[in-house]
Each structure stands twice: as structure tokens, then as C-alpha cells.
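The block underneath contains the structure these notes are about, expressed in C-alpha cells.
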Amino acid sequence: MEQKDFNFEELARIIEGKNIQHLREVFEEHNIVDLALMVEELSIEEAVYVFRVLTKEYSGELFSYLSLEHQERLIEILTGSEIKGILDNLYTDDLADFVEEMPEEIVTKILKSVSAQQRKEINMLLSYKENSCGSIMTTNYVKLDENLTVTQAMEAIKKQREIAESISYCYMIDQKNKLHGAMSMRDILFAPKNSLLKDVMEEDIIYVKTTDDQEEAIHEMQKYDFSMIPVVDESQKLVGVITSDDVLDVLEDEATEDIHKMAGINPIEEPYLKTNSFKIAMSRLPWLLILMLSATISGAILTANEDILMMLPALSIFVPMLMDTAGNAGSQASAMVIRGIVVDNLGMKDFFKILYKEFRIALLCGVVLFLVNMIRIILFMSDISFMMAFVSSLTILIVLVCAKLVGGLLPILATYLKLDPAVLASPLINTIVDGVSLTVYFALVKLLLL
């Protein structure tokens, strides 16, 4: 039976026929992630049947790939012993994340079902500050006594295969659990069999602390191209590891949060289609209100120059273009700099480098837009005078420079002030550059046209 030919209808038929052996073979032969998507389409009764007939190994893995909604429904129905069988096969970090999202009555049922050791590890992970390295680490890793030989280490690794989330790296500890060294599985395989680990291990270890921000782990893993990184406490004791799948989850969450903030939305963790409309509306309203009220500034500038618009009505044609161009230019600069802050560690030390770079970029873009706008007006807007075309084009150039400098420097200032640079991105930048563009425009009009 080929995986590509297997579908939901076949799974439903197997369940309906109560063919336990066939069902177990399906989970042995096919991708567990694809099967989890099919299980979510089953009725709750059918899903419970699947979990009751699968081996503990497969039921635990399947459970970890289900959505929180389906996990909660299953926990409500399954018995304590059945829950224990599933949770015993979950990695501690996945279990802690699950517990953190569940309502109180479900958490109580879970904690009664797990072992005392699991309860201790869950409570430890939940005790760490949110978004810290301690909060995203797993306690399922391979640790080895540094005094073992390579041959003994291989046997010790085999004994830990059931509990380790990954064996790509192994960590050498002393009797007090202090981290002394690390070796990749590849290095252990090719090391002399009778050599001691402490003689062949890597002692210059890159690690993070439980209290470090999770972004520190991401940075270190990207910098050194690690698939996992050890986590130590204040006394240098090894307490966990952060794996690449943990980092991918964090990156997805961080990217989602930044996208929301840059669009003027208070971050929401739930999937879009599963979040009720009221909650989404409440996440969008604050910035909509702020931007609506901040538009008073632009309105005040237009009102103050109403007499000029009455004298030269054609000036109003260019107002939307100037404001849109300025807003887009500022957003482009802020997006690039925010990425630089996250990926390249840009900071206040780079303030003048960014200032100079954005100034040059703005001049190049401004000159091109100046020329294109002049040509556009001359060719297609014959009723607009040359001087009016020149003023609107010159405004674009000047405003583009201002907008890109504001967009490039605000995120750096936000970082310096310990604020989230994404918050000061598009919404706030648009408000600032709208006022700047109108002020520059009418100043040039008074200077060159009146």
C-alpha cells in the first residue's frame, strides 16, 4: 500500500470495519503528520477509537500533531490510564506547551495522570519567564558522564533513545550535572573506541542560560549552524536543550507577531478562522482609533492652507500622491531596518551608518521619482503649469528623503529605548510622514508659487 494512494475515506473504512491490525499497520507505514490531519476530520468517537487501539508509541506521537482543540476534546473523554499512556510518550516541552494552553479542569486531569517526574519537569518549564530560553527548552536530551569511554558512551546513548528528542548532539557532564563538553553523534561514531569522552569532547561550548531571551538561542543557532543548543542554569548545570523544531516554532510566532504589529494589530495567537470576530475587531480597533485621531494633524495642515487651495485648486490633485508615496517610502525603510535588527544585530552603534545609507538610497529614489513625475505631468496633464509640476516633484524628492530617514531611524531608536521596533513601524511612521509631506508641500508652494 503506497502512501500517496492512502486517503481519509480508506482510514474511515478501516475504522468502521474495526480492523485493529490493519489500522496499526497504517500508522506504521504512513506519515504520522498526514494521518493526524485525517484524524482531525473523524468524529470524536472515531478519534477516541483510534487512540484506544494504537500502541502507546504511536498514540503519543499522533496526539502531539493534533490541534489544541482536538487534544482538549480527547482528554475530556479518555480515561486517566489512557491519558497517561499518551502523555508518557510526549516530550516534556510539548507536554508543557499543551498544559499551558488548556483550561484548569483539563490541566487538573492531566497532572493527575502523569508521573511525578513529569509533573516536576512540567512545573519547572512553566516556572520560567515567557519567551525565555528556559520556557522553550526540552528536558529530553542525551547526557553522558565525561569519564565514559566512547564504547561505553554508545551503549549509554542506546539506553536513552526512548527519552531523547534528538541525538544529533550529546552533552558531557560531571557528577554534579555541570556541563563540561559536547560532541556531535558523528564525532562520537568516528572517535577511537577506547578513548575517554573527556579527552575527545569539545570543551569550548556554546550555550544559553535559562533566563536568556529566546531570540538569543535563535541567534546562536543561526550563527554557529547548530541543530540544537544546550541550556544551563546560573550554576552552569545542564537543565535542557533547545532543538531546531523549537526554534522554528519561535520564529513563526515572532514573525506573526511582527506582521501584526507592523499592520497596526494587537497580536493574536489563535488561527484566523478559529478566532471569533469580536476578538479580531478588538485587536484592530486601538490602532484604527489612534490613526483616525492622528489624521487630525493632516486635517489641521490642510485647513491652515485652505486659502492657498482656494487660489490654486489644482494643488489638491497631488496631496494623495504625496502622502501615499511618503508612507510607502517610510514603510520600506523600516521593514529593511527591522529585519537588520533581528538578523544582523543592528543597534544604536549603527545609527549614523543607517542615516548615511538611507540618505543615499532616498536621494537615488527621489531623483528618479522627481524625473518620472515631471515627465508624467508634462505629457498627460497639460493644464498643470511647469512650476506646479516642479513644486510637486521637488516635494516628492524632499519628502522621500525625510520618510526614509524616519522609517530607518525610528526602529533603531525604539530598540535603544527597549521598545518593540515593529510597534513603531508602518502605523506610526505613516502618521509622521503624512504631516511632514503636507508641511513641505505647502512650504514650497508659498516659496515658489505665491
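The values are calculated or read from the model by the stated rules, or taken from the named source; none is laboratory data. All of these numbers come straight from a predicted model, not from anything done at the bench. Note: ideal-geometry Cβ built from the backbone for every residue, glycine included; neighbour counts use all protein chains shown.
The table that follows gives values for the structure above.
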quantity: A329 of a type in the set (G, A, S) and farther than 19 Å from V406 by Cβ; calculated: no
quantity: Segment 261-294 - residue that is in contact (Cβ under 8 Å) with a residue 60 or more places away in the chain and surrounded by 13 or more Cβ atoms within 10 Å (Cβ to Cβ) and, of those, nearest to E69 (Cα to Cα); calculated: K261
quantity: Pairs where the first residue, in segment 108-122, is assigned by TED's automatic domain parsing to the domain that holds N89 and without any contact (Cβ under 8 Å) to a residue 60 or more places away in the chain and the second is among the small types (G, A, S) and assigned to a helix (DSSP H, G or I), C-beta under 8 Å, 6+ apart; calculated: K109/G80; K112/G80; S113/G80; S113/S81; E121/A96; I122/A96
quantity: Any hit, segment 322-345, residues being outside any helix (DSSP H, G or I) and either more than 21 Å from D420 (Cβ to Cβ) or at pLDDT below 95 (or both); calculated: yes
quantity: Members of segment 193-215 that are modelled with pLDDT of 90 or more and either within 30 Å of A255 (Cβ to Cβ) or touching a Phe, Trp or Tyr at 6+ places or on another chain (Cβ under 7 Å) (or both); calculated: I205, I206, Y207, V208, K209, T210, T211, D212, D213, Q214
quantity: Flag for K18 being without any contact (Cβ under 8 Å) to a residue 40 or more places away in the chain and outside any helix (DSSP H, G or I); calculated: yes
quantity: Top-ranked residue in segment 85-107 [being closer than 12 Å to N123 by Cα and not aliphatic (A, V, I, L, M); ranked as surrounded by the most Cβ atoms within 10 Å (Cβ to Cβ)]; calculated: D93
quantity: Qualifying residue in segment 396-416 (condition: surrounded by fewer than 20 Cβ atoms within 10 Å (Cβ to Cβ), out of contact with any Phe, Trp or Tyr (no Cβ under 9 Å at 6 or more places or on another chain), free of Cβ contacts under 8 Å to residues at least 24 places away in the same chain and part of a helix (DSSP H, G or I)); calculated: no
quantity: Cβ-Cβ under 7 Å pairs, at least 6 apart or on other chains, segment 218-242 side touching a residue at least 24 places away in the same chain (Cβ under 8 Å), far side crowded, with 20+ Cβ neighbours inside 10 Å and in a helix (DSSP H, G or I); calculated: I218/V247; M221/V247; V231/C133; V231/G134; I242/C133; I242/I136; I242/A217
quantity: Search result, residues across segment 118-139 that are buried (at least 21 other Cβ atoms within 10 Å of the Cβ), in contact with a Phe, Trp or Tyr (Cβ under 7 Å, 6 or more places away or on another chain) and not β-branched (V, I, T); calculated: G134
quantity: Segment 322-347 residues that are under 16 Å from L413 (Cβ atoms) and in contact (Cβ under 8 Å) with a residue 60 or more places away in the chain, paired with ones that are buried (at least 19 other Cβ atoms within 10 Å of the Cβ) and among the basic types (K, R) (beta carbon under 9 Å, 6 or more apart); calculated: G330/K404; A333/K404
quantity: The listed residue being touching a helix residue (DSSP H, G or I) at 6+ places or on another chain (Cβ under 7 Å) and at pLDDT 90 or above, out of Y128, Y141; calculated: Y128
quantity: Top-ranked residue in segment 147-167 [being under 16 Å from D187 (Cβ atoms) and either modelled with pLDDT under 90 or not assigned by TED's automatic domain parsing to the domain that holds E216 (or both); ranked as surrounded by the most Cβ atoms within 10 Å (Cβ to Cβ)]; calculated: S166
quantity: The listed residue being in contact with a helix residue (DSSP H, G or I) (Cβ under 6 Å, 6 or more places away or on another chain) and of a type in the set (S, T, Y), out of S59, S67, S43; calculated: S59
quantity: Output for segment 196-218, where each listed residue is of a type outside the set (D, E, K, R), surrounded by 15 or more Cβ atoms within 10 Å (Cβ to Cβ) and farther than 20 Å from S166 by Cα; calculated: L196, V200
quantity: Given (1) more than 31 Å from the chain's Cα centre (by Cα); (2) surrounded by 13 or more Cβ atoms within 10 Å (Cβ to Cβ), number of the condition N7 does not satisfy; calculated: (2)
quantity: Elements of type helices (runs of 4 or more DSSP H) in segment 210-320, at least 2 residues being over 22 Å from the mean Cα position of the chain (by Cα); calculated: 277-304, 306-311
